[in-house]
Amino acid sequence: MGFILAAVGSAVGLGNIWRFPFQAGAEGGAAFLFVYLGFIALIGFPAILVEFVIGRRTKRNPVGALKELGGDRWKYVGGIFVVTGFVLLSYYSVVAGWFFQYFITGLFEGYTATTPEELGAAFGAASSGTSALLAHAAFMIAVTGIIVAGIRSGIEIAVKVMVPGILFILLGLAAYGAFAIPEASQAYAYYLQPDFSVIAENWQTLLPAAAGQAFFTLSLGMGVMITYASYLGEDRNLAEDAAVIVSLDTFIAVLVGFVVFPFIFQAGADPTEVGPDAIFVSLAQAFATIPGGRLLGVVFFGMVVIAALSSAISILEMLASYLIDEFKWERPKAAAAAGLAVFVLGIPVTIDLVFLDLFDGLADSVLLVLGALLVVLFVGWVIPEDGLDELTTGVENIGSLGSIWLWAVRIPIAIVLVISLYLGATGYLEFLADDFLGWLNG
Ligand code: TRP
């Protein structure tokens, strides 16, 4: 139970609540949802098992685990995980700081913005400048403090309260949207009725976007799930545990879509134009209009901050344990150094949102997919017998499912990941050449 709670705590976070809705909006709504759900079921689920088998087999951290099973060369994959973790956590913390500010606003002032201009101004004030920087600092201090202290027990309690709490509020908001927002039917059509010609036309952007989002939301591609599974007993059925984690995580993300899109359509906004402000703009408006909205808002934003904390902890723990193992640093020193480096790296994001695209594009469309591809190839081709044996440990009757998993991992999944990586990397290079260079040139 402790393992499932910790893994859910890592998986459920800003990926579900902040990142999913604007990816879905920008990539065409139902077209994205369709490709995303396919990716989660056919690639995300087998890929989480790949990390689980490595972790439980070796009972070690990612770097040590890959080295033990595959020899010295494979430890460099751990180096990729570390780079990914630094980049990802730097902007993750800044965005968590935005939620923290909306929490504080609700606590002291309440939510008053209702017009698009007011909502946009409120988001602008929270997302850049001194307050964004201070909130980013506060969040990193909290994460670092927890890792220095090595607290485990608090996380389980936090997850037990936070996940049902978030689900409860989201269900309430979704019901409100369904009954009280006339534009809801348009919103559902956009979100739920895939146009297959759109998918066929846009698959080159849909595929890498779905891949990146799937790995981001399931905490894959960075060795975090290797670490968590290293604490797992031989009696556990890995596939069952993975199914629980993947379903819960996916359910929460999909539910957020049911909440956000009705509000976007009510405001008359173009859903394909939404960006990282989507959840803030739509929910701040909701909490300003619904009776009891202020209290709901404070509780909701507060719980999202906790969800972000329990995810960020999993990343900083990975970074710190790398420094502890590799350089034999003491835990407090390793955690403080990693936390400080992450904080500094995140500072540009509080100055201009172009750095959010710069970091998120790199981490999400390139590094996570690369990390996931490498561990998939590792289990599929370097240690297939160990992998299969570990998958079936603790399972009474798996039949041929185990070998189906192994063959899926060896060929089709690896191929889809190579294609996703290629498309994600070329898309990122285009972003660098057009948007980022353009921004640099003013
Ligand atoms: N899954 C988390 C979220 O959705 C973020 C996260 C935590 C993560 N640990 C990770 C992403 C490791 C990639 C790798 O918010």
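A few comments on the model shown:
- Residue check, Thr250 polar (S, T, N, Q), assigned to a helix (DSSP H, G or I), within 13 Å of the ligand (Cβ to nearest atom) and within 27 Å of Ala286 (Cα to Cα): yes
- When the residues of region 400-411 are filtered to those that are open to solvent by less than 70 Å² (accessible area, probe 1.4 Å) and not polar (S, T, N, Q), the one that is nearest to the chain's Cα centre (by Cα) is Val409.
- Output for region 287-306, where each listed residue is in a helix (DSSP H, G or I) and either more than 25 Å from the chain's Cα centre (by Cα) or of a type in the set (D, E, K, R) (or both): Ala288, Thr289, Gly293, Arg294, Leu295
- Residue in region 104-126 that is farthest from Thr289 (Cα to Cα), counting only those that are open to solvent by 50 Å² or more (accessible area, probe 1.4 Å), in a helix (DSSP H, G or I) and in contact (Cβ under 8 Å) with a residue 40 or more places away in the chain: Leu107
- Which listed residue is within 21 Å of Val244 (Cβ to Cβ) and over 15 Å from the mean Cα position of the chain (by Cα), from Leu107, Leu66, Leu42, Leu33: Leu42
- In region 230-245, the residues that are touching a residue at least 24 places away in the same chain (Cβ under 8 Å) reach residues that are of a type in the set (Asp, Glu) with C-beta atoms within less than 8 angstrom, at least six apart or across chains, in these pairs: Leu232/Asp241; Leu238/Glu390.
- Checking each residue in region 233-257 for being under 17 Å from Leu388 (Cβ atoms) and of a type in the set (A, V, I, L, M, F, W, C) picks out Leu238, Ala239, Ala242.
Let's see how each residue does on (1) under 26 Å from Val163 (Cα atoms); (2) modelled with pLDDT of 95 or more; (3) within 16 Å of the ligand (Cβ to nearest atom):
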site	(1), (2), (3)
Ile48	yes, yes, yes
Ile54	no, yes, yes
Val63	no, no, yes
Leu89	yes, yes, yes
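- Number of positions in region 362-391 that are open to solvent by 10 Å² or more (accessible area, probe 1.4 Å) and within 16 Å of the ligand (Cβ to nearest atom): 7
- Taking first residues from region 402-428 that are assigned to a helix (DSSP H, G or I) and partners that are open to solvent by 70 Å² or more (accessible area, probe 1.4 Å), the Cβ contacts under 7 Å between residues at least 6 apart in sequence or on separate chains come to Arg410/Trp381; Leu423/Gln204; Gly427/Thr205.
- Condition check for Pro348: under 30 Å from Ala137 (Cα atoms), assigned to a helix (DSSP H, G or I) and either free of Cβ contacts under 8 Å to residues at least 24 places away in the same chain or in contact with a helix residue (DSSP H, G or I) (Cβ under 7 Å, 6 or more places away or on another chain) (or both): yes
- On the stretch given as region 287-312, residues that are more than 13 Å from the ligand (Cβ to nearest atom) and either closer than 17 Å to Phe22 by Cα or open to solvent by 30 Å² or more (accessible area, probe 1.4 Å) (or both) total 8.
- Residues within region 127-141 that are open to solvent by 40 Å² or more (accessible area, probe 1.4 Å) and under 19 Å from the mean Cα position of the chain (by Cα), tallied: 0
- Residues (in contact with a Leu (Cβ under 6 Å, 6 or more places away or on another chain) and either closer than 25 Å to Gly9 by Cβ or within 16 Å of the ligand (Cβ to nearest atom) (or both)) located in region 313-338: Ile315, Ala334, Ala338
- Residues satisfying the stated conditions in region 374-388, i.e. in a helix (DSSP H, G or I) and of a type in the set (Val, Ile, Thr): Val375, Val376, Val379, Val382
- Residue that is nearest to the ligand (Cβ to nearest atom), among those in region 216-232 that are among the aliphatic types (A, V, I, L, M) and farther than 15 Å from Val8 by Cβ: Met222
The values are calculated or read from the model by the stated rules, or taken from the named source; none is laboratory data. Being a predicted model, the structure only gives us computed values, none of them experimental. Cβ coordinates were reconstructed from backbone atoms using ideal geometry, including for glycine residues, and neighbour counts include every protein chain displayed. Remember, those area values only see protein heavy atoms, side chains included, never the ligands or the DNA or RNA. Shrake-Rupley method; radii C 1.70, N 1.55, O 1.52, S 1.80 Å.
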